[in-house]
Amino acid sequence: MTVSERNILNVICYGIVVVWVYYIAWYSVRIFLFDRFVIPTESMDPTLLPGDCIIVDKTIFGARLYEKFDFNKEGGELVCRRTRGERRIMPNDIVVFNYPYHNDKINFVVNNVYTKRCIGTPGDTVRITDGVFRNSNFPDTIGLLHLQKKLAAIPDSMFHPRQLGAIPRTRHVPWTIKNLGPLYLPRKGDFMKLTAKEGQIYKTILEWETAKSISIDWDNNKVFADSKPLDRHTFRHGYYFMCGDNVAGSEDSRYWGLVPEEYIVGVVTYIAYSLDPSTGKYRKDRFFERLAQ
């Protein structure tokens, strides 16, 4: 091999090493520190707008480390552990998480993520009263109060029943997106006695945690798992209640239920940039804008 050929080979090897180091460093940052996502809808308007590229800080709550990588587009089991974070998720945090509900059950789809505001955390009791969010352990205002009051002022007759009705969507628990709860958010290890009401409210969660089919006998106030009585349950996961700031136009926990703790990706801290999808132009006033925590 000539000197010239050896030099070319050295340059190629060096380039390959640089690319691999850059690749590993980039993905290490995304796994352990920060990631970015683009907002596709108006559910968090006006806090976040369609086209906003948000920065998600994984150090606040801790980064997820997957232990299984056989991801299925139809949904599957999430097996992971979490690095130690700076603090827990708190009400009013804006959070990115994997949407938990597919085919009427909780399962994990790796790239199906939502961004919402945290209304309640494990151990909290949340309610919505005349459109306004309340949290038993958080006395301050949660979310955008003026939009919550604006929603409350809209007559119920203006809503389609499916749009007004909220979880658990039964005449026995007639909650709406304007008036909901009180709803307790289970913590991992919480023990709960189950009546028909609790069975209905937590039905999807119970089916996920027990891997059994849950049925409700309202006449006898009983809950059954695979046709066997289930009168108590110890929760295996912690759960969060998430809602969009645009309360009149957001699909969120009011409609589909609670978010398991393992499904949380991280906390939104910045808008890196914003590209208006209708004009294709950058919104210059939103470059590297910090979100209040």
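Give the residue, chosen from Phe97, Phe133, Phe159, that is more than 24 Å from Glu209 (Cβ to Cβ), at pLDDT 95 or above and among the aromatic types (Phe, Trp, Tyr).
Values: Phe97 fails: more than 24 Å from Glu209 (Cβ to Cβ); Phe159 fails: at pLDDT 95 or above.
Being more than 24 Å from Glu209 (Cβ to Cβ), at pLDDT 95 or above and among the aromatic types (Phe, Trp, Tyr) holds for just one of Phe97, Phe133, Phe159, which is Phe133.
Taking the listed residues Ala196, Ala248, the one that is touching a Phe, Trp or Tyr at 6+ places or on another chain (Cβ under 6 Å) and under 27 Å from Ile119 (Cα atoms) is Ala196, with no other qualifying.
Gly238 - would you say it is farther than 30 Å from Pro161 by Cβ, of a type outside the set (Phe, Trp, Tyr) and surrounded by 16 or more Cβ atoms within 10 Å (Cβ to Cβ)? The answer is yes for Gly238.
Can you spot a residue in the range 218-235 that is under 16 Å from the mean Cα position of the chain (by Cα), buried (at least 20 other Cβ atoms within 10 Å of the Cβ) and farther than 15 Å from Asp52 by Cβ? No, the range 218-235 contains no residue that is under 16 Å from the mean Cα position of the chain (by Cα), buried (at least 20 other Cβ atoms within 10 Å of the Cβ) and farther than 15 Å from Asp52 by Cβ.
For the range 245-293, give me each residue that is under 17 Å from Phe37 (Cα atoms), of a type in the set (A, V, I, L, M, F, W, C) and open to solvent by 30 Å² or more (accessible area, probe 1.4 Å).
Just the residues of the range 245-293 that are under 17 Å from Phe37 (Cα atoms), to begin with: 263-277, 282-283, 286-291.
Keeping just the survivors that are of a type in the set (A, V, I, L, M, F, W, C) gives 264-265, 267-268, 271-272, 275, 287-288, 291.
Selection gives Leu275, Phe287, Phe288.
Residues checked against (1) farther than 25 Å from Leu48 by Cβ; (2) in contact (Cβ under 8 Å) with a residue 60 or more places away in the chain:
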position	(1), (2)
Val126	no, yes
Asp130	yes, no
Arg134	no, no
Gln163	no, no
Thr170	yes, no
Trp175	yes, no
Asn179	yes, no
Tyr202	yes, no
Ile214	yes, no
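Scanning the range 183-200 for residues that are under 13 Å from Leu230 (Cα atoms), among the hydrophobic types (A, V, I, L, M, F, W, C) and either in contact with a Pro (Cβ under 8 Å, 6 or more places away or on another chain) or without any contact (Cβ under 8 Å) to a residue 40 or more places away in the chain (or both) yields Met192, Leu194, Ala196.
The values are calculated or read from the model by the stated rules, or taken from the named source; none is laboratory data. Every value quoted in this text rests on a predicted model; they were computed, and no experiment measured them. A quick note on method: Cβ atoms are made from the backbone with ideal geometry, for glycine too, and the neighbour counts reach across all protein chains shown. Only protein heavy atoms, including side chains, enter the accessible area calculation; ligands, DNA and RNA are left aside. Shrake-Rupley method; radii C 1.70, N 1.55, O 1.52, S 1.80 Å.
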